[in-house]
Amino acid sequence: MTTKMMMMISKKPNFGKAEQAAFELLKINNVQELPVKVKKLAKNFSNLKIKTYSWFAKTHDMTLEEVCEFANSDEGCCWYIKSKNKYIILYNDKVENVGRIRWTIAHELGHFMLKHNEMSDKSVYARNSLTEEEYEVFEKEANCFARNLLAPPQIVYVLRPQSPHVVSDLFDISLEAATNVFTFLNNGLQRGISYSRNHTILRIFESFIFKYKHAKTCNNCSYYFVGKDTHYCPICGDQSFTKGEVDNMIYSKIELNEHSRAIQCPHCTNEHIVGDYCQVCGKYLVNKCSGYSIEQLHGQMQEPWHNLSNSCGEELSGDARFCHKCGSTSTFLESGTLTQWEEEKFPEREGQRHLQAVGSNNFVNISDDDLPF
Ligand SMILES: [Zn+2]
Ligand SMILES: [Zn+2]
Ligand SMILES: [Zn+2]
Ligand SMILES: [Zn+2]
């Protein structure tokens, strides 16, 4: 095969190559989270810059319309300066839909990664500089690249989003593109298509996928957490959650080691911890399932409460007031090491309760007007 023949442009798009190039770009940039930050993907290539139409218009004293005309597109273009082996991707930053801009940049990155300019020997890669056939092949490859870069099908497959709106939010793409991705998945599923569960891309995005599947916010106390076998909220013991991070109320916590044991005694601040009890003050230092229910909360009233024969044995996090597995109280809640969650979520209410208690014993009935500030 001569070099000339090798440089000939294939009449069929090579989707496998486009998919591979997209993964390659994700890998080079160590991308592990979605949505992919497309504009940052150029940083590892010293010969590639991503710039806006506005920037180009300003530096070349042109109107935006003139840039669109020059680029032969209202959306974006990939420009190759052969003598310097440099690339510039230009995108129209005046397009209102952010998802659409992201898709355009991803698409142009496809032309760059797949070396379409070099193959066609064209500086500004544009419709009018190629035969219709060449143009179609390159466009299909660039679109396939964009899809695999922004919304990799293997990830869409494992996350099984419920609607195009979810797809749009998840990958930050336009609703139009999201609808295509969604329909593509469902049609594939109906035809019995399945994706490998061992695909490299799934390993790259492993923790993101886990978080997406198991992140929840408690409807009762607004605590946000990620956990697989969590049937009860670790803060308030409730069982009703909303998927994802809706809210994120932070509750006080004790610093623990990997065995759920306090690094420093929360009671007397002793730092030389030897066993499960503080050797200075005797406080129990492990936060685990107590086996008691909240109704029988002993607090420090009935020491010693630490008969843990009903405990499910689960070791808990430093802020857990409840066992996420069985809903029992935590040893830290029982011992008073952690406060009850309401005191932190509703400090005003707790303050009022305190004030009322004081008021009933004394004569005080404070209104705002009485306060000197
Ligand atoms: Zn294109
Ligand atoms: Zn809760
Ligand atoms: Zn102590
Ligand atoms: Zn338990």
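The values are calculated or read from the model by the stated rules, or taken from the named source; none is laboratory data. These numbers were taken from a predicted model, which means no experiment stands behind them. All Cβ positions, even for glycine, are placed from backbone atoms using ideal geometry, and neighbour counts span all protein chains on display. Note: areas computed on protein heavy atoms with side chains; ligands, DNA, RNA excluded. Shrake-Rupley method; radii C 1.70, N 1.55, O 1.52, S 1.80 Å.
Tell me yes or no: at least one residue of segment 73-96 is free of Cβ contacts under 8 Å to residues at least 12 places away in the same chain and closer than 20 Å to PRO153 by Cβ. Taking every residue of segment 73-96 in turn, none turns out to be free of Cβ contacts under 8 Å to residues at least 12 places away in the same chain and closer than 20 Å to PRO153 by Cβ. In segment 261-290, the qualifying residues are those that are closer than 13 Å to LEU308 by Cβ and surrounded by 17 or more Cβ atoms within 10 Å (Cβ to Cβ), and the one that is farthest from ligand 3 (Cβ to nearest atom) is CYS289.
Just one of the numbered conditions (1) at pLDDT below 90; (2) touching an Asp or Glu at 6+ places or on another chain (Cβ under 9 Å); (3) open to solvent by less than 60 Å² (accessible area, probe 1.4 Å) is not true of GLN300: (3). Residues in segment 39-49: is at least one surrounded by 17 or more Cβ atoms within 10 Å (Cβ to Cβ) and part of a helix (DSSP H, G or I)? The answer is yes, given that some residue of segment 39-49 is surrounded by 17 or more Cβ atoms within 10 Å (Cβ to Cβ) and part of a helix (DSSP H, G or I).
Can you tell me which residue among ASN148, ASN117, ASN128 is at pLDDT 85 or above and of a type outside the set (D, E, K, R)?
On the way: ASN117 fails: at pLDDT 85 or above; ASN128 fails: at pLDDT 85 or above.
Among ASN148, ASN117, ASN128, only ASN148 is at pLDDT 85 or above and of a type outside the set (D, E, K, R).
Screening ARG160, ARG147, ARG191 for residues that are of a type in the set (Lys, Arg) and at positive phi leaves exactly one candidate, ARG160.
Among ASN198, ASN248, ASN186, ASN219, which is closer than 14 Å to ASP319 by Cα, of a type in the set (S, T, N, Q) and either away from ligand 4 (no atom under 16 Å from the Cβ) or open to solvent by 90 Å² or more (accessible area, probe 1.4 Å) (or both)?
On the way: ASN198 fails: closer than 14 Å to ASP319 by Cα; ASN186 fails: closer than 14 Å to ASP319 by Cα; ASN219 fails: closer than 14 Å to ASP319 by Cα.
Going through ASN198, ASN248, ASN186, ASN219 in turn, the sole match is ASN248.
Filtering GLU118, GLU108 for residues that are assigned by TED's automatic domain parsing to the domain that holds PHE70, surrounded by fewer than 18 Cβ atoms within 10 Å (Cβ to Cβ) and not in a loop (DSSP other than H, G, I, E, B) leaves a single hit, GLU118. Regarding GLU69, is this residue modelled with pLDDT under 95 and acidic (Asp, Glu)? Taking the combined requirement at face value, the residue satisfies it.
Residues being modelled with pLDDT under 90 and of a type in the set (Phe, Trp, Tyr): count how many of those fall in segment 193-238. Of the residues in that region, 1 qualify. Just so you know, in segment 222-234 the residues that are within 15 Å of ligand 4 (Cβ to nearest atom) and crowded, with 16+ Cβ neighbours inside 10 Å include one that is nearest to GLU334 (Cα to Cα), and it is PRO234.
Taking segment 315-342 as the range and being under 29 Å from the mean Cα position of the chain (by Cα), open to solvent by less than 40 Å² (accessible area, probe 1.4 Å) and away from ligand 4 (no atom under 12 Å from the Cβ) as the test, the residues that pass are GLY318, ASP319, ARG321, TRP341.
Name the one entry in LEU64, LEU48 that is more than 30 Å from LEU159 (Cβ to Cβ) and either touching a strand residue (DSSP E or B) at 6+ places or on another chain (Cβ under 7 Å) or not aliphatic (A, V, I, L, M) (or both).
Values: LEU64 fails: either touching a strand residue (DSSP E or B) at 6+ places or on another chain (Cβ under 7 Å) or not aliphatic (A, V, I, L, M) (or both).
Sole residue among the options that is more than 30 Å from LEU159 (Cβ to Cβ) and either touching a strand residue (DSSP E or B) at 6+ places or on another chain (Cβ under 7 Å) or not aliphatic (A, V, I, L, M) (or both): LEU48.
Restricting segment 21-35 to residues that are under 19 Å from the mean Cα position of the chain (by Cα) and charged (D, E, K, R), the residue that is surrounded by the fewest Cβ atoms within 10 Å (Cβ to Cβ) is GLU33. The condition of being within 27 Å of VAL226 (Cβ to Cβ), within 16 Å of ligand 2 (Cβ to nearest atom), open to solvent by 50 Å² or more (accessible area, probe 1.4 Å) and at pLDDT 95 or above holds for LYS253.
Say we look at segment 148-198 and pick out the residues that are of a type in the set (D, E, K, R) and not in a helix (DSSP H, G or I); which of these is farthest from GLN32 (Cα to Cα)? Working first, answer last.
Taking segment 148-198 first, the residues of a type in the set (D, E, K, R) are 160, 169, 172, 176, 191, 197.
Those left that are additionally not in a helix (DSSP H, G or I): 160, 172, 191, 197.
Details: ARG160: 19, ASP172: 15, ARG191: 30, ARG197: 17 Å.
By that ranking, first place goes to ARG191.
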